[in-house]
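Engineer: Please read through the structure below; I'll follow up with questions.
The values are calculated or read from the model by the stated rules, or taken from the named source; none is laboratory data. Please read these numbers as outputs of a predicted model, since none were measured by experiment. Heads up, the Cβs are rebuilt from the backbone with ideal geometry, glycines too, and the neighbour counts pull from every protein chain shown.
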Amino acid sequence: MISSTPSPSLSTGLFQALERHARETPHAIACASRFRLASYRKLWSRIERATARLQGEWEVGAGDVVAYWGDGHPDALVLYAALARCGALLLPLEHAAARAALPRLADKVALTLALYDDELSPPRIAQPAYPLSRLIGEPCPYQARVAMPDPDTRSLLRPNEDGSLQRLSLRQLADTADSGERDLHGALFDADVLGAIVLPALCAGDTLTWR
């Protein structure tokens, strides 16, 4: 069943909810995977660090596009949240077809940089490409400079099968019914995963489990 109206708590309050969970239930587990466990306090700290690195070190600003070349790593969720706080957009390339289409996509959108899972080879692009671990794995001397993100600002570019791109806002992503599931079995940014599982779980302070 598809919701006819976005959930207000999700479309307008995701970042307020993350801050509140980090403050009120700091030791509750937000993300559990074979990589690591991350509490809500640690998740929010990583989002802050990622935002600071994107802004201060990599000079990512409003309207810029950053590609994610990977397979749904938990840190890609941190990347998405940090980009939304910068007013920038994430282009997820989690499927073979999307990766193969990157040269065509590059003709439609100007990439600023790309981050890729450490286990993968970097994409062959003209722009800088960094391992995802650099996003939060090194000390960052900068401070995040953000206001609360506008839920109507486009934050995700979703490639379609015909080669076109959808520009989606947090409010549009929220316009999906919560499936009630908390285990991730597919790519993180698929339509039936991000809006239906990931974002509602974070708003509710639940645990996301990567299988």
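Engineer: Within the stretch 93-118, how many residues are touching a residue at least 40 places away in the same chain (Cβ under 8 Å) and either among the polar types (S, T, N, Q) or closer than 11 Å to residue 73 by Cβ (or both)? If you could, list the steps in order and put the result at the bottom.
Structural biologist: As a first pass, look at the stretch 93-118 and keep what is touching a residue at least 40 places away in the same chain (Cβ under 8 Å): 93-95, 97-98, 101, 104-105, 108-117.
Of the ones still in play, those that are also either among the polar types (S, T, N, Q) or closer than 11 Å to residue 73 by Cβ (or both) are 94, 112, 115-117.
Within the stretch 93-118, residues that are touching a residue at least 40 places away in the same chain (Cβ under 8 Å) and either among the polar types (S, T, N, Q) or closer than 11 Å to residue 73 by Cβ (or both) number 5.
Engineer: Here is a follow-up. Test residue 92 against the criterion of being modelled with pLDDT of 90 or more and surrounded by 22 or more Cβ atoms within 10 Å (Cβ to Cβ), and give yes or no.
Structural biologist: yes
Engineer: How many residues does the stretch 101-125 contain that are among the polar types (S, T, N, Q), more than 20 Å from the chain's Cα centre (by Cα) and surrounded by 15 or more Cβ atoms within 10 Å (Cβ to Cβ)?
Structural biologist: 0
Engineer: Cβ-Cβ distance below 9 Å, separation of 6 or more or different chains: which pairs start in the stretch 195-211 with a residue that is among the basic types (Lys, Arg) and end on one that is assigned to a loop (DSSP other than H, G, I, E, B)?
Structural biologist: 211/33; 211/34; 211/185
Engineer: Identify, please: which residue in the stretch 65-81 is touching a residue at least 60 places away in the same chain (Cβ under 8 Å) and assigned to a helix (DSSP H, G or I) and is, among those, surrounded by the fewest Cβ atoms within 10 Å (Cβ to Cβ)?
Structural biologist: Per the stated criteria, the residue is 74.
Engineer: Quick check on this structure: which one of 4, 11, 45 is surrounded by fewer than 17 Cβ atoms within 10 Å (Cβ to Cβ), at pLDDT below 95 and not β-branched (Val, Ile, Thr)?
Structural biologist: 4
Engineer: Kindly provide the set of residues from the stretch 185-211 that are in contact with an Asp or Glu (Cβ under 8 Å, 6 or more places away or on another chain), over 14 Å from residue 31 (Cβ atoms) and not acidic (Asp, Glu), ordered by number.
Structural biologist: Of everything in the stretch 185-211, those that are in contact with an Asp or Glu (Cβ under 8 Å, 6 or more places away or on another chain), over 14 Å from residue 31 (Cβ atoms) and not acidic (Asp, Glu) turn out to be 186, 187, 189, 195, 196, 200.
Engineer: Checking residue 122 against (1) in contact with a strand residue (DSSP E or B) (Cβ under 7 Å, 6 or more places away or on another chain); (2) outside any loop (DSSP other than H, G, I, E, B); (3) farther than 20 Å from residue 38 by Cβ: exactly one of these is not met. Which one?
Structural biologist: Among (1) in contact with a strand residue (DSSP E or B) (Cβ under 7 Å, 6 or more places away or on another chain); (2) outside any loop (DSSP other than H, G, I, E, B); (3) farther than 20 Å from residue 38 by Cβ, residue 122 violates only (2).
Engineer: Of the conditions (1) touching a strand residue (DSSP E or B) at 6+ places or on another chain (Cβ under 8 Å); (2) at pLDDT 95 or above; (3) not aromatic (Phe, Trp, Tyr), residue 72 clears all except one; give me its number.
Structural biologist: Every listed condition holds for residue 72 apart from (2).
Engineer: Need the failing condition index for residue 30 against (1) under 18 Å from residue 148 (Cβ atoms); (2) modelled with pLDDT of 95 or more; (3) small (Gly, Ala, Ser), just the number.
Structural biologist: With (1) under 18 Å from residue 148 (Cβ atoms); (2) modelled with pLDDT of 95 or more; (3) small (Gly, Ala, Ser) applied to residue 30, the lone miss is (1).
Engineer: Could you pull out every one of the strands (runs of 3 or more DSSP E) wholly within the stretch 126-207 that has 2 or more residues that are modelled with pLDDT of 90 or more, under 17 Å from the mean Cα position of the chain (by Cα) and among the polar types (S, T, N, Q)?
Structural biologist: Working: elements: 129-131, 154-159, 165-169.
Ranges flagged: 165-169.
Engineer: So which of 62, 98, 30 is touching a strand residue (DSSP E or B) at 6+ places or on another chain (Cβ under 8 Å), among the small types (Gly, Ala, Ser) and not in a helix (DSSP H, G or I)?
Structural biologist: Checking each option against the conditions leaves just 30.
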